[in-house]
Amino acid sequence: MNISNKLLQVKGVHKTYGEGQSETSALKGVTFDVLPGEFLGIMGVSGSGKTTLLNCIATMLKPTSGEILLEGQSISSFKGSQLAKYRGSRIGYLFQEFELLDNLIARENIVLPLSIHKENSKNQELQLQNLAKQFDIEDVLEKFPYQMSGGQKQRVAAARALISNPSIVLADEPTGALDTKNAKVLMEKLSFVNQRNETTILMVTHDANAASYCSRILFIQDGVIFHELRKKVPGETQNAFYERILTVLAQLGGGSRHVL
Amino acid sequence: MFFDFIKRNSRKIRKENGVYFGALIISIIAFYIILSLGEQDVMAYLKTVESNAVNRLLLMIPMLYAVSLFFVFFLVYFANNYQVKLRSHEFGLYLMMGMKRSRLFLMIMGETLWNGAIALMIGIPIGVFLTELISLITSRLIGIGIIGYQYSISWAGLGLTVVGFIVVQLIAMSFISLKLTRKEPVDLLDDQKEESQRVLNPIWSIVSLMTGAVLLLGTIFLCTAYGLAILYLRNLDYRMFALIIIVGIVGTFMLFRGLGSLIGAWIKRKGKSSAGLFIFTGRQLQENVLNQWASLAISSLLIVMSMVCFVYGISTALNNDLTSSKTADFTFSGSEKEIISVLTSDELEPYVKEYYEMKLGYLWRFDPEENEWLDTFSWSGLSESVSKEVYSKEKENLLSELTTDNRPYLISLSSYNDMLRSVNKPPIELGSDEVAMYSDEEFTYSHDILREALQSKPYVNIVGNQYSLSSTLYTLNVVADRAITLSYALIVPDDLYDTFDDREDSYLLNMVLDDALIEEKGLMQAMYEVDGLLNASGLDYESYLSSMGRKLFFTVAGSYTTIYLGIMFLIIANTVMGLKFLMQQKSTRHRYFTVAMLGASVESLCMSARVQIWLYFGLVILVALISSIFGIWSMVDTFPNSISLNNGIGTVVISLAVFIIIEICYILMIQRKSDEEIKKLKQAR
């Protein structure tokens, strides 16, 4: 496979915390690729290293060794202003706790990445309206976060993650703070954006239900990739995929009770 | 072990709350300086000449002390309330781990005491040093030899500083920690969350129209207060004064209450076309103003007060020329024989260099037949000459003084020449039909105009005869007693003088001390000794030193206390503003983190915070400066004598410079703190 076809390459990433006797390894050589347009899920029990992995990809952490390439460029070695250029413009983020700025109205929150990167274009308003429509948040654009429901907040956050047309969206437990109904709405919207706009999404989750929207799932345990599931396209229903995910989770470290 | 724990916690508090700790140290220094005033060299000296007034001032100091203690209490309570809230999770954990409530209370009090002790250990040496420096500078300014310099520590001041400071801290802290230790551990553990939710739910959902109206109303109120101050304050009517103060205060509060919505509207208008962190910066500022309008208004008012205090204090310190010319050392009044017999006695003789009569009396002539005062004099020629000068306030004052003055003092030429000779100045020589004009050094504001007007040698009319005025204006003091000041007088030839002065009881005699003696003992010591001898003689006399002391006292008392208050107000206002800002920044640090994740560099975040700080302080300072302009303007109008316009501008410039330097120092300090906080955010991840 040609390198240019791989959007994200994670190569032999190790991450250790502490020194000497207190040294602990969170990641022990993780290697995988993400192709353009993929909706990749990462699952694992608490302490398996999945959040560490996401943080490494999100440039919040530096790997101890190994490399992470985004479109052929090693983002793990970036510093200062190089990093700032990538964040928010090439990488979009979706957090469990939304992380909206509560003193900015929704509209201001969504276009914030564009302002920060000084990319205010004429199309900005059009793009904003499109996203607002897709995520069904047109009514709340002029509202402050405290005037919105949790589901609306997370959809505003999703619009913010997508506004700069990033190469990849990293989502950390995006349904973690939502009720079942809102979680379902959000996952449907994300899945729609993924399929229609071919936006690449990498999502870390506990939630087998949310994971069933993915096209591929990596299971991580004790710092290594332990298993991989692919949705059979075409043919496999979401429910069938869900069942398969549950089966793997049951095998992981003795069952799903650890993760819930 | 428990003590080590307290020490460790205290160190952490000092590090994290450096601005507050610094303010505590400065207030300790200020406390000591004001409390040791009574034992400063200049006051010790003044006590000997002006004991009544000094004692009254010293009675006033405890009041100043109490007011300052109240402000410090406010500061301690406010800063620690927040500090404790931030640590409530930590306290909750201690309780869960089995720490007794009483022990937690002891721990918090222990930390307070320990930090208080450290602040005292730093503050008191600086306070002692500064007090000595001030003492030395005042002695120098007044003249070496007049007041001896002596190193001294005010033990009473020291004691009161330590006790007051510790007691205020303990009271404030026990309020806070009692409230805290009554809470359940679960509330403590959750307290931080509650706090952040409260921040999430600001009061600004209230209709913005209303706040807009409030803003307008506030501005109108403030303008009304300014207008009233300029128009009516000089009447010194206390009801008008109260009205101005109330309208001004209410206006300031309303202005800040409404300001937030104005910022919001501005962001909305500008926001769409903006790049970078403009919106973030603007919204952070707006939230600060909306949540803290009351503190901002108080800070702004405190700054106005401190500006007015500074201008008053500095102008009092600068404008009164303390070292004005000394002509005679003692002036006696009474019977000539008695005085001279004392001065030529064996005891006093070695001290006396010379003495001469100072002939001084009213220009008056009484008509016994008509039983009334005759109109014998007018300044009309001079008035005419003055009225040709360009318009100024001083000129108008001078003209009205000259028209109402029809009985000026007369000074005999020979006496004045005696005086000039004793200070090694050339004597005056008057032509025929010529007299000279005299005006005391106190009245400098009119001297420039008078000198100009005298160039044309105008005429004055004395009992129907015209005399021309000499072109020189004479200002050297005629007597030692500075309480006697002559605004406008005439120096006339002795024969003319004798035609008016027929009274026996107004005999004045000036005495000058021996130069060698002053050289050897210093002026103060020499005067003390002579004073002791003269006291026993029962003569009526005034000395240069005691009359100067009276003036010196008003200067020192006026400038010392007002500058002290000015500094206290300024420090409290700035510390409150700085702490409020840093607190908001700390409680919204997750926002900074999010913005960093969206691609803002640490540098641009620091820059955004710096802009926030400048605007935040700038808003308060701007409102305060505008109010101060009117405040100082009306003060200058109300007390034109203590703040003359000539020096007024210089004073305002100096006060403004001092103020701006202090403000910039504060802003830079807060900026450094904010940068540290933002960089910490980066390290944490």
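How many Cβ atoms of partner chains, on average, are near each residue of A:51-64 if near means within 10 Å of its Cβ?
1
I need the trypsin sites (Lys or Arg not before Pro) found in the range B:66-126, filtered to DSSP loop residues with at most 14 other beta carbons within 10 Å of theirs.
B:LYS100
Spherically averaged projected area of the convex hull of Cα atoms, the range B:1-193: 12.3 nm². Inter-chain Cβ neighbour count for A:82-92, averaged per residue, equals 3 (cutoff 10 Å, partner chain atoms only). Annotation for the range A:226-255: trypsin sites (Lys or Arg not before Pro) lying in DSSP loop with at most 16 further Cβ atoms inside 10 Å of their Cβ are A:LYS232. When both the range B:54-120 and the range B:577-607 are represented by their alpha-carbon centers, they are found 28 Å apart. In this simple spin-label approximation, A:GLN195 and B:SER387 carry label points 7 Å from Cα along the Cα→Cβ vector, and these lie 10.2 nm apart. Distance between the 7 Å Cα→Cβ label points at B:CYS665 and B:ALA53: 3.1 nm. When the trypsin sites (Lys or Arg not before Pro) in the range B:1-46 are filtered for DSSP coil states and for at most 11 other beta-carbon atoms within 10 Å of their beta-carbon, no site remains.
Set the Förster distance to 56 Å, then compute FRET efficiency between B:MET121 and A:LYS232 from the Cβ-Cβ distance, nearest 0.05. Walk me through the intermediate numbers first.
Working: r = 76 Å, r/R0 = 1.35.
About 0.15, to the nearest 0.05.
Only Lys, Arg, Asp and Glu carry charge here, each on its Cβ (+1 for the first two, -1 for the last two); on that basis the range A:3-250 has a dipole of about 480 debye about its Cα centre. All Cα-Cα separations within the range B:330-546 were binned at 5 Å from zero, giving a P(r) of 1, 6, 13, 17, 17, 14, 12, 8, 7, 4, 1, 0, each value a whole percent of the pairs. Between the residues B:GLY127, B:GLN169, B:ILE25, the greatest Cα displacement towards the positive end of the dipole of the range B:1-193, with unit charges on the Cβ of Lys, Arg, Asp and Glu, is found for B:GLN169. Evaluated at q = 0.16, 0.19 Å⁻¹, a Debye calculation over the C-alpha positions of the range A:39-116 (equal weights, vacuum) places log10 I(q)/I(0) at -0.75, -0.98. Take each residue of peptide B:11-21, count the partner chain Cβ atoms within 10 Å of its Cβ, and average: the result is 0. Shown is the FRET efficiency for B:SER506 and B:HIS447, computed with R0 = 30 Å from the Cβ-Cβ distance and rounded to the nearest 0.05: 0.65. Remark on A:GLU38: its backbone amide H falls under 5 Å from those of A:ILE201, a criterion applied only to residues 5 or more positions apart or on other chains, H modelled at 1.01 Å from N.
When the C-alpha to C-alpha distance is required to be over 30 Å, the pairs from A:LYS6/A:LYS118; A:LYS28/B:LYS15; B:LYS353/B:LYS457; A:LYS133/B:LYS270; A:LYS28/A:LYS181 that qualify are A:LYS28/B:LYS15; B:LYS353/B:LYS457; A:LYS28/A:LYS181. Calculated FRET efficiency, B:THR224 to B:ASP433, Cβ-Cβ distance, R0 = 56 Å: about 0.45 to the nearest 0.05.
Could you name the aspartates and glutamates whose alpha carbon sits less than 19 Å from that of A:LYS232, not counting residues in the same chain fewer than 8 places away? Within the straight-line limit of under 19 Å, A:LYS232 reaches these aspartates and glutamates: A:ASP33, A:GLU38, A:GLU188, A:GLU198, A:GLU243. For the protein assembly as shown, the C-alpha radius of gyration divided by 2.2 N^0.38 Å, with N the number of residues, is 1.37.
Of the beta bridges in the range A:3-250, as assigned by DSSP with both residues counted there, near 55 percent are antiparallel.
The alpha-carbon atoms of the range A:131-260 define a convex hull whose volume equals 125 cubic angstrom per residue. Cross-link partners of B:LYS388 among aspartates and glutamates, defined as those whose alpha carbon lies under 19 angstrom from its own and excluding same-chain residues fewer than eight positions apart: B:GLU396, B:GLU401, B:ASP448, B:GLU452.
The calculated 222 nm mean residue ellipticity attributable to helices in the protein assembly as shown amounts to -20000 deg cm²/dmol, summing -39500 (n - 2.57) over DSSP H runs of n ≥ 4 and dividing by all residues.
The order of B:MET96, A:MET60, going from fewest to most other C-beta atoms within 10 Å of their C-beta, is B:MET96, A:MET60.
Using the Cβ of B:THR131 as centre and a radius below 11 Å, the other residues enclosed give a net charge of -3, where K and R count +1 and D and E count -1.
Going by neighbour counts of Cβ atoms within 10 Å, the residues B:VAL611, A:VAL10 line up, fewest first, as B:VAL611, A:VAL10. Rounded to the nearest 20, the Cβ-based charge dipole of the protein assembly as shown about its Cα centre (Lys and Arg +1, Asp and Glu -1) stands at 9160 debye. Using a cut-off of 30 Å between Cα atoms, the listed pairs A:LYS122/B:LYS680; A:LYS79/B:LYS85; A:LYS85/A:LYS153 include A:LYS122/B:LYS680; A:LYS79/B:LYS85 as exceeding that distance. For the range A:3-250, the Stokes-Einstein estimate of translational diffusion at 10 °C and a viscosity of 1.306 mPa s comes to 85 µm²/s, using the Kirkwood hydrodynamic radius over alpha-carbon pairs. Within the shell defined by Cβ-Cβ distances under 15 Å, the residues around A:ALA158 carry a net charge of +1, with Lys and Arg each +1 and Asp and Glu each -1.
No value in this document is a laboratory result; all are computed from the given coordinates. Please read all numbers here as calculations on a predicted model, not as lab measurements. Cβ: placed from backbone, ideal geometry, glycine included. Neighbour counts: every protein chain shown.
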